[in-house]
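Input: a single structure, listed below in structure tokens.
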Amino acid sequence: MHPIDRDAVQAELDRRREQPVYLHLETTTGSYTALGPDKKPPVIAFVRNAQVTYARGVVTGPGPYRVGLKLQDGWVYADGLTDFVVSERDELLLAGHDHDGYLTVALQLSAQPFREA
Amino acid sequence: MANPTTAGAPVETTHAATPAPFVPAAERGLLVVLPHPDDETFSSGGTMARCADAGVPVTYLCGTYGDMGRRMGRPAFANRESLRDIRERELADACAVLGAEVRMLGLRDKCVEFEDPIEVAERVRAVIEELDPSTVVGFYPGYAVHADHDALGLIVQLAVRALPAGRRPRLLAVAVGDQEANRATLGEPDVLSDIAHTVDRKIAALRAHRSQTEAMFVKWDEDAEDEQGKAFRDRLLGGERFYLLDPHHVTGYERNRP
Ligand SMILES: [Zn+2]
């Protein structure tokens, strides 16, 4: 992945407007937080291959970046995004990584379903 | 159908006071069943290599591709979509180093506990029946920190239990995390595997799981770990410890979650 280029990401969001796309949205602390000094419980959520259509999609912020997708009946939102790439399968992959390079958040869009195990 | 994951009040078995040594020459086959690529190396890599050295067939039945992991390498070279294939290759490389054959259950990472445990246990039972190992290694349900670990640990227990009495392998369980807390509840581990002669291969297999271990090795190489990190490293490269698990003794595995 590369550091987010806002113009490039905005063009990718625009290119996917007004058509059904598959969404992967995720945020994670990792499953081992209970072993850390604060013994915090893990906080993890993901949605994979939910289909959405958005009329307007915007990337914003000074970095880390935010992305919002305005759906007909609601919103998709992510904050903390730092990196992006368009995969060989033409998937738009956006992710946030912490200083250790661990993934903290992901927002991904694709015309085809994302692969399952 | 009663949910076997929560049935009954948890009662702990009492384990031995002094661990018995793990003796590869006494084994007919070793089957390790854990959910993630790298669980095998972290928990049992030295023991797997010892068995392979002794001519004992070693198989790793891996539950998932670890495709929902958050470690992407340091610096990151994987992403959410490429991680699956990368970890599959890393696992093949690590198990080549350890002398183990790899098989996959193909479950979704982080979702093992949401599968029907009886259904997955049936698949594990079929593999045990086919390979007929003398020992199966799984996670200790309730003492394995990660929800996938606890869930597959229970499934392995159910699988061994489903075999006819004369065909049941010995079930050895790996406890994760705070070893002092585990000892306080479970007692001393029953089996200790001396990995002095295979620790180099365990380290090589850890390195093969590059996406997951690179950050750890950066700290090791710079000698920049904190106290907890040092203790973890000493334990990882010291002997491998296992609890003997009664397949009929099903614990409430969610109990230890924070
Ligand atoms: Zn694991």
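The values are calculated or read from the model by the stated rules, or taken from the named source; none is laboratory data. Just so it is clear, the structure is predicted and the values come from calculations on it, not from any experiment. FYI the Cβ positions are ideal-geometry reconstructions off the backbone, even for glycines, and counts take in every protein chain you see. Just the protein is used for accessible areas: all its heavy atoms, side chains included, with ligands, DNA and RNA removed. Shrake-Rupley method; radii C 1.70, N 1.55, O 1.52, S 1.80 Å.
Which of the strands (runs of 3 or more DSSP E) found entirely inside the stretch A:1-61 contain at least 3 residues meeting this: among the polar types (S, T, N, Q)?
Answer list for the stretch A:1-61: none.
Yes or no: the stretch A:52-67 includes at least one residue that is over 15 Å from the mean Cα position of the chain (by Cα), open to solvent by 30 Å² or more (accessible area, probe 1.4 Å) and within 10 Å of chain B (Cβ to nearest Cβ). Full working, then the answer.
Taking the stretch A:52-67 first, the residues over 15 Å from the mean Cα position of the chain (by Cα) are A:53, A:55-56, A:62.
The next check asks that each one be open to solvent by 30 Å² or more (accessible area, probe 1.4 Å); those that pass are A:53, A:55-56, A:62.
Of the ones still in play, those that are also within 10 Å of chain B (Cβ to nearest Cβ) are none.
No, there is no match, as no residue in the stretch A:52-67 is over 15 Å from the mean Cα position of the chain (by Cα), open to solvent by 30 Å² or more (accessible area, probe 1.4 Å) and within 10 Å of chain B (Cβ to nearest Cβ).
Taking the stretch B:116-153 on its own, how many of its residues are within 22 Å of residue B:190 (Cβ to Cβ), aliphatic (A, V, I, L, M) and modelled with pLDDT under 95?
2
So how many residues does the stretch B:90-118 have that are more than 13 Å from every other protein chain (Cβ to nearest Cβ) and in contact with a helix residue (DSSP H, G or I) (Cβ under 9 Å, 6 or more places away or on another chain)?
Counting residues in the stretch B:90-118 that are more than 13 Å from every other protein chain (Cβ to nearest Cβ) and in contact with a helix residue (DSSP H, G or I) (Cβ under 9 Å, 6 or more places away or on another chain) gives 16.
For the stretch A:22-49, what are the residues that are under 15 Å from residue A:93 (Cα atoms) and in contact with a Phe, Trp or Tyr (Cβ under 8 Å, 6 or more places away or on another chain)?
Those that are under 15 Å from residue A:93 (Cα atoms) and in contact with a Phe, Trp or Tyr (Cβ under 8 Å, 6 or more places away or on another chain): A:22, A:24, A:25, A:26, A:27, A:48, A:49.
Answer yes if at least one residue in the stretch A:26-38 is open to solvent by less than 70 Å² (accessible area, probe 1.4 Å), over 27 Å from residue B:176 (Cβ atoms) and under 12 Å from the mean Cα position of the chain (by Cα), and no otherwise.
no
With the condition kept exactly as written, say whether any residue in the stretch B:31-40 is out of contact with any strand residue (DSSP E or B) (no Cβ under 8 Å at 6 or more places or on another chain) and at negative phi.
Looking for residues that are out of contact with any strand residue (DSSP E or B) (no Cβ under 8 Å at 6 or more places or on another chain) and at negative phi, one finds none in the stretch B:31-40, hence no.
Determine if the stretch A:21-42 includes at least one residue that is more than 14 Å from chain B (Cβ to nearest Cβ) and more than 30 Å from residue B:232 (Cα to Cα).
Among the residues of the stretch A:21-42, at least one is more than 14 Å from chain B (Cβ to nearest Cβ) and more than 30 Å from residue B:232 (Cα to Cα), which makes the answer yes.
Within the stretch B:35-47, can you find the residues that are within 14 Å of the ligand (Cβ to nearest atom), touching a helix residue (DSSP H, G or I) at 6+ places or on another chain (Cβ under 6 Å) and more than 14 Å from chain A (Cβ to nearest Cβ)?
The answer is B:41, B:45.
Looking at A:30, A:36, which one is under 25 Å from residue B:111 (Cα atoms) and out of contact with any strand residue (DSSP E or B) (no Cβ under 9 Å at 6 or more places or on another chain)? Don't jump to the end; show me each part of the working.
On the way: A:30 fails: out of contact with any strand residue (DSSP E or B) (no Cβ under 9 Å at 6 or more places or on another chain).
After applying the criteria, what remains is A:36.
For residues that are more than 16 Å from the ligand (Cβ to nearest atom) and either open to solvent by 10 Å² or more (accessible area, probe 1.4 Å) or under 22 Å from residue B:146 (Cα atoms) (or both), tally how many sit in the stretch B:23-34.
Qualifying residue count for the region: 7.
Scan (1) open to solvent by 10 Å² or more (accessible area, probe 1.4 Å); (2) among the acidic types (Asp, Glu); (3) within 16 Å of the ligand (Cβ to nearest atom) for the single condition residue B:223 breaks and write down its number.
(3)
Of the numbered conditions (1) more than 16 Å from the ligand (Cβ to nearest atom); (2) more than 20 Å from residue B:199 (Cβ to Cβ); (3) of a type in the set (Lys, Arg), residue B:50 fails exactly one; give the number of that condition.
Just one mismatch for residue B:50, condition (2).
For (1) surrounded by fewer than 22 Cβ atoms within 10 Å (Cβ to Cβ); (2) touching a residue at least 24 places away in the same chain (Cβ under 8 Å); (3) assigned to a strand (DSSP E or B); (4) more than 9 Å from the chain's Cα centre (by Cα), each residue gets a yes or a no:
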| residue | (1), (2), (3), (4) |
| --- | --- |
| A:70 | yes, no, yes, yes |
| A:77 | yes, no, yes, no |
| A:89 | yes, no, no, yes |
| A:100 | yes, no, no, yes |
| A:105 | yes, yes, yes, no |
| A:108 | no, yes, yes, no |
| A:112 | yes, yes, no, yes |
| A:115 | yes, no, no, yes |
